[in-house]
Amino acid sequence: MGQRLWPVELSGRLADGSSIGLRPLRRSDKDAFFALRQHNRDWLRPWEPTNPDGSSRRVSFARMLRTQREQGRAGRVLAFGITVDGSLAGQLNVSNIELGAFRSCTMGYWVGEAYAGRGVTPTAVALAGDYVLRAGNLHRIEINIRPENLASLAVVRKLGFRAEGLRPNYLHIDGDWRDHLSFAVTSEDLGPRGLIGRL
């Protein structure tokens, strides 16, 4: 992983013909990013990570971009902005990237409410997943979801991720430790058409 894989831009089409893109966030995205987050504050709150000690450490947009760039080049985290017809629609992060005998990663994502139900998230997960399994030579992708998050559960089911069980008190979300259901897919699970072929 690392410099040979990042930065990268990925693209595809949604069922309605709209274009979807995955790319690193840019400084010019700042206003659109904060407007999207603000407009969707209530929509996202139940699924947002929080700090167990109650503190909230805010970083500037420029600092966030610098960190994402550094982690991408080091091959630890690939932080994508999701666009639909060129407009910022959300984010997808491929994180906890490990090589060696493990060759695994986790994936997390969010989209604005206006983009829900259009196939944006499954397509974004499929594009990023196929990229890290092929170009990144990873073996396994894991996604952990709160049992109450029906929209996100629909994403992994649509893409045929395997259910691997409950992780009690797995992540601190929306002010408390929350149970998560774990889902995974490995390179052996997929045919030559990959995750995109499962759409």
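Yes or no: Glu148 open to solvent by 30 Å² or more (accessible area, probe 1.4 Å), more than 20 Å from Ser95 (Cβ to Cβ) and assigned to a helix (DSSP H, G or I)? Taking the combined requirement at face value, the residue does not satisfy it. Within the stretch 24-57, if we keep just the residues that are modelled with pLDDT of 95 or more and part of a loop (DSSP other than H, G, I, E, B), the residue that is farthest from Ala135 (Cα to Cα) turns out to be Asn40.
Return the residue satisfying two criteria in turn: it lies in the stretch 173-195 and is hydrophobic (A, V, I, L, M, F, W, C) and over 22 Å from Thr50 (Cβ atoms), and of such residues it is surrounded by the fewest Cβ atoms within 10 Å (Cβ to Cβ). Within the stretch 173-195, the match that is surrounded by the fewest Cβ atoms within 10 Å (Cβ to Cβ) is Ala184.
Filtered by the rule that a residue be under 21 Å from Gly12 (Cα atoms) and open to solvent by 70 Å² or more (accessible area, probe 1.4 Å), the stretch 151-172 gives Arg157, Lys158.
Is it the case that Asp85 is modelled with pLDDT of 95 or more, over 27 Å from Leu138 (Cβ atoms) and open to solvent by 90 Å² or more (accessible area, probe 1.4 Å)? Can you show your working first?
On the way: modelled with pLDDT of 95 or more: yes; over 27 Å from Leu138 (Cβ atoms): yes; open to solvent by 90 Å² or more (accessible area, probe 1.4 Å): yes.
So Asp85 fits the description; yes.
Can you confirm whether the stretch 57-69 contains a residue that is closer than 25 Å to Asp31 by Cβ, in contact (Cβ under 8 Å) with a residue 40 or more places away in the chain, open to solvent by less than 60 Å² (accessible area, probe 1.4 Å) and aliphatic (A, V, I, L, M)?
Residues of the stretch 57-69 that are closer than 25 Å to Asp31 by Cβ, as a first pass: 57-69.
When the remaining residues are screened for being in contact (Cβ under 8 Å) with a residue 40 or more places away in the chain, the result is 65, 68-69.
Still in the list and also open to solvent by less than 60 Å² (accessible area, probe 1.4 Å): 65, 68.
With the extra rule that they be aliphatic (A, V, I, L, M), the set shrinks to 65.
Yes; the residues of the stretch 57-69 include at least one that is closer than 25 Å to Asp31 by Cβ, in contact (Cβ under 8 Å) with a residue 40 or more places away in the chain, open to solvent by less than 60 Å² (accessible area, probe 1.4 Å) and aliphatic (A, V, I, L, M).
Within the stretch 184-199, residues that are without any contact (Cβ under 8 Å) to a residue 40 or more places away in the chain have Cβ atoms under 9 Å from residues that are in a strand (DSSP E or B) in these pairs: Asp189/Arg162, counting only partners at least 6 apart in sequence or on another chain.
Taken over the stretch 92-116, the residue count meeting the criterion of being out of contact with any helix residue (DSSP H, G or I) (no Cβ under 8 Å at 6 or more places or on another chain) and either open to solvent by less than 20 Å² (accessible area, probe 1.4 Å) or small (Gly, Ala, Ser) (or both) is 6.
Would you please name the residue that is modelled with the lowest pLDDT, looking only at residues in the stretch 101-125 that are aromatic (Phe, Trp, Tyr) and over 8 Å from the mean Cα position of the chain (by Cα)? Full working, then the answer.
Applying the first criterion (aromatic (Phe, Trp, Tyr)) to the stretch 101-125 yields 102, 109-110, 115.
Pick out the ones that are also over 8 Å from the mean Cα position of the chain (by Cα) and you get 102, 115.
Numbers: Phe102: 94, Tyr115: 97.
Here the answer is Phe102.
Report the residue count in the stretch 1-23 for those that are outside any strand (DSSP E or B), open to solvent by 20 Å² or more (accessible area, probe 1.4 Å) and under 18 Å from Asp130 (Cβ atoms). Let's see the steps before the verdict.
Our first condition is that a residue be outside any strand (DSSP E or B); within the stretch 1-23, this holds for 1-9, 14-18.
Restricting the remaining residues to those that are open to solvent by 20 Å² or more (accessible area, probe 1.4 Å) gives 1, 3-4, 7-9, 15-17.
Remaining after also requiring under 18 Å from Asp130 (Cβ atoms): 1, 4, 7-9, 15.
Selection size over the stretch 1-23: 6.
The values are calculated or read from the model by the stated rules, or taken from the named source; none is laboratory data. Since the structure is predicted, the reported quantities are computational estimates derived from the model, not experimental observations. Glycine also receives a Cβ, built like all others from the backbone with ideal geometry; neighbour counts cover every protein chain displayed. We work out accessible area using only protein heavy atoms, side chains counted, and drop any ligands, DNA or RNA first. Shrake-Rupley method; radii C 1.70, N 1.55, O 1.52, S 1.80 Å.
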